1. For residues that are under 27 Å from residue A:146 (Cα atoms) and of a type in the set (Gly, Ala, Ser), scanning just the range A:30-52, find the one that is farthest from the chain's Cα centre (by Cα).
2. In the range B:561-592, what residues are among the charged types (D, E, K, R) and touching a residue at least 24 places away in the same chain (Cβ under 8 Å)?
3. Select, from B:470, B:509, B:519, B:539, the only residue that is in a helix (DSSP H, G or I), surrounded by 13 or more Cβ atoms within 10 Å (Cβ to Cβ) and modelled with pLDDT of 90 or more.
4. Considering only the range B:404-415, I want to know if a residue exists there that is under 37 Å from the mean Cα position of the chain (by Cα), more than 27 Å from residue B:285 (Cβ to Cβ) and in the same structural domain as residue B:301 (by TED's automatic domain parsing).
5. Take the residues in the range A:101-154 that are farther than 18 Å from residue B:510 by Cβ and small (Gly, Ala, Ser); name whichever of them is farthest from the other protein chains (Cβ to nearest Cβ).
6. Of a type in the set (D, E, K, R), without any contact (Cβ under 8 Å) to a residue 60 or more places away in the chain and in contact with a Pro (Cβ under 9 Å, 6 or more places away or on another chain): which single residue out of B:532, B:490 fits that description?
7. Scanning for something in contact (Cβ under 8 Å) with a residue 24 or more places away in the chain, touching a Lys or Arg at 6+ places or on another chain (Cβ under 6 Å) and surrounded by fewer than 18 Cβ atoms within 10 Å (Cβ to Cβ), does the range A:130-150 turn up at least one residue?
8. Go through B:521, B:505 for me and flag whichever is farther than 25 Å from residue B:469 by Cα and within 14 Å of chain A (Cβ to nearest Cβ).
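The values are calculated or read from the model by the stated rules, or taken from the named source; none is laboratory data. All figures in this text were calculated on a predicted structure; none of them were measured in a lab. Reconstructed Cβ throughout: ideal geometry from the backbone, glycine too, with neighbour counts over all protein chains shown.
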Amino acid sequence: MSASRPPELHRVILLVEDDPNDILLIQRAFRKATLTTVLRVVKDGDEAIAYLSGEGPYRDRRRYPLPVLILLDLKLPRRSGFEVLQWLKARSGLRRIPVVVLTSSRDSPDVNRAYDLGANSYLVKPVKAAELEEMVRTMSLYWLIFNHPPQCHE
Amino acid sequence: MKERELADEVEATLSRALVEQSLVGVYLFDERCFLYVNQALAEIFGYQPQEIIGRLGPLDLTHPDDRPWVKEKIRQRPTGELESLRYELRGLRKDGTTLWCELFGRRVQYLGRPAVIGTLVDITEHKEAEKALRESEEKYRALFEASQEGIFVIDASTGKAVIGNPFLARMLGFDSPEELVGLDPLDFVPEEDRERVRRIIVEEMFEKDLRKVHEYRAFTRDSREIWVSAIGVRINYQGRMAGLVSVRDITERKRAEEALRRYAERLRILREVDQAILQAQSAEAIAQAAAEHIRRLVPCQRVSVVLFDFEAGETTMLAAHVNGETAIGRGTRVPLSALDISEGLRRGRVHMVEDTSALPDPPEVVRRLQAEGIRSYIMIPLMVRDELIGSLNLGATEPGSFSQEQIEIAREVADSLAVAIQQAHLHEQVRRHAEELERRVAERTARLETANQELEAFVYSVSHDLRAPLRAMEGFAQALLEDYADCLDEQGRDYARRIVAAAQRMDGLIEDLLQYSRLSRMHVEFHPVSLEQVISSVLTQLEGEIRAREAEVKVVPPFPEVLGHRSILEQVLGNLLSNALKFVPKEVRPHVRLWAEPRKRWVRIWVEDNGIGIAPEHQRRIFRIFERLHGVETYPGTGIGLALVQKGIECLGGRCGVESEVGKGSRFWVELKATVS
């Protein structure tokens, strides 16, 4: 990565989410949070893995750079969020990428399992839009501004 | 001449000396009186010689009772009838006492006249001794004769009886004791015992004089069998070694013992049968045990136990115990018609056939039995509550083999057997029933578990799937409100707001429902909980609400430790506190007070508020699910809060309630178990 580009502009958050409503609402939340990060969305587990592996269209790392944060829903068609997590944490270069599970289930078995598999954080999607905005703002602030990112590669 | 004179002199002197000095009384008398008595004789009678000589006659010295016949004796001598006499008589002393003498008298001629010369000895002592002996003998003889035990004496060298008493004679079937003399005791003992008895007589009695009691079987003269108990003592009998044997007839006792033994054996075997029964084995095992046992009590060649099935019209042989081979053994099934089931048998009477060859038209089974040599048999009914369920059959090769006593015994076994078989059947039924029940219970439990699991899965997916559209509803309505506010008029904005509110309420409902269902399904494990920690956690959760309403919450210690479940308690107290903050009149600041009241083994936690109060008629309703006393506009809520409280407290084994009046605030309480202090 060249040092000429301002680092913030090219920071990508990968959102792995299948529900189109949730996608819209989360995108809106990010907009309202006025962050300069770019949100890339993939709609199922297979696509998520393709993105992270750099397969197909995602080979173009200029358009689709590796994310600095992954927002992962658990209920996905085809491969589940847990499987994506498992896959990710098995890849030596990729496993350092912080993963925030963002899902509707607040069941403790899911929570514990996510942490067991190496998730960095677990958030439950709130019903209230205002709460969602607050959550997105605070989360981004924490993970993108305060948190020191690791070095990752494919 | 001189020699002769000398001899005569010596003779005379000697004679005189002899006579004078003799310790034996010497006398001479004629028909008048004593002519001469020596010192000894005088002394015997307590006289001096001179008092007798010439003065007294023989009769004076004789006891008055004996005088008549002594007189006769005297007469006989001088007259020549008797030459000499020796006899005994009672004498009379000078002092009048009686004595016994033995005298010898001889007729002589003295100075030309007939006289008697003789000797006399005092035999009083001797006589007395004789009398004593005789009396003693009589005494012993009386005992001997009268004894109710047989007594005999057996000579050691001949081995034969030398004397026996009348009782023994009678015992052995003799008429008189004399017949016993010279008999050999071994002749009365059965041949196989003779060697043993001989050894007892010779070794134990004659050699060692052990004096041990033994029991013997014996035969009387008329070949009756008796039992005796005898003990022998070595004695000296008439100068020879002998044995004195005392014999008792114990036939009666032995017979009684035998009967008792038989009876005890019978009882023991019956008990064994009963024990086999108590072990409640299969009916076959019980029947087999009974069949084996009864053969020890009633000798026969064949025992069988048969069960009757009147409905199916057939019989099953449950068990058979047979000498040798049989064509009709265990497990044989035979139609009822082939058997001989009389009306009497049905009513519980024993059916006996003394001789099968005497039957005019025997049923098939009997013919088969005959072919195997059975000539007589008895069928004992097995009765259960007056119903015939089968029979215990005994068969013998000899006709008329079964006595009344044996039939009784067989009946006793049959009664136990009937009960046992019935019990075994019942046991079997019960066992099968129990198995069936267990199976059904297991099935039902499995189904319940499946239902439970399905419910859990349902609840899980509900919470996921219902929430997603909710988020969309809320989110987009809100987005509308925020991003397109200027495109909407007030009405439009109002609609959007209502959508948001509805979505939020539905979320609340789902959450409460989920909690309620989770509580119902939970396996609650109690542990000690610090109320202070719970309260502080609840206050933190409600901090925003408290601040927004400017409420005053007073927490009054102390709060004892309780037995419960932390998260449930947080829910319960959280709900109560939330209600206390919510249900206040408009514009009133909520004042809430929390304290704990120890009540023996329980702790009652009070949550007091200054709210709107609850009318008595509603105080039970409000704890029910979905019950609300106000419209959702006035006081928001799902109507589950208090239901959750009640369910939660129930799970913890406690109670809850409220004290309230309209307009006067409420005091809600929950009761929990105190931890053992």
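1. Selected residue: A:33.
2. Filtering the range B:561-592 down to residues among the charged types (D, E, K, R) leaves B:561, B:566, B:570, B:582, B:586-587, B:589.
Of everything in the range B:561-592, those that are among the charged types (D, E, K, R) and touching a residue at least 24 places away in the same chain (Cβ under 8 Å) turn out to be B:561, B:566, B:570, B:582, B:589.
3. On the way: B:470 fails: modelled with pLDDT of 90 or more; B:509 fails: modelled with pLDDT of 90 or more; B:519 fails: modelled with pLDDT of 90 or more.
Just one listed residue meets the conditions, B:539.
4. Looking only at the range B:404-415, we keep the residues that are under 37 Å from the mean Cα position of the chain (by Cα), and these are B:404-415.
Next, only the ones that are more than 27 Å from residue B:285 (Cβ to Cβ) stay: B:404-405.
From what's left, in the same structural domain as residue B:301 (by TED's automatic domain parsing): B:404-405.
The answer is yes; a qualifying residue exists.
5. The first filter runs over the range A:101-154 and keeps only residues farther than 18 Å from residue B:510 by Cβ, leaving A:101-102, A:109, A:111-123, A:130, A:133-154.
Filter once more, so that each one left must be small (Gly, Ala, Ser): A:114, A:118-119, A:121, A:130, A:140.
Values: A:114: 15, A:118: 23, A:119: 18, A:121: 19, A:130: 7, A:140: 18 Å.
Step by step, filter the range A:101-154, then rank; the result is A:118.
6. Details: B:490 fails: in contact with a Pro (Cβ under 9 Å, 6 or more places away or on another chain).
On inspection, the qualifying residue turns out to be B:532.
7. Yes; the residues of the range A:130-150 include at least one that is in contact (Cβ under 8 Å) with a residue 24 or more places away in the chain, touching a Lys or Arg at 6+ places or on another chain (Cβ under 6 Å) and surrounded by fewer than 18 Cβ atoms within 10 Å (Cβ to Cβ).
8. Details: B:505 fails: farther than 25 Å from residue B:469 by Cα.
When all the criteria are applied, what remains is B:521.
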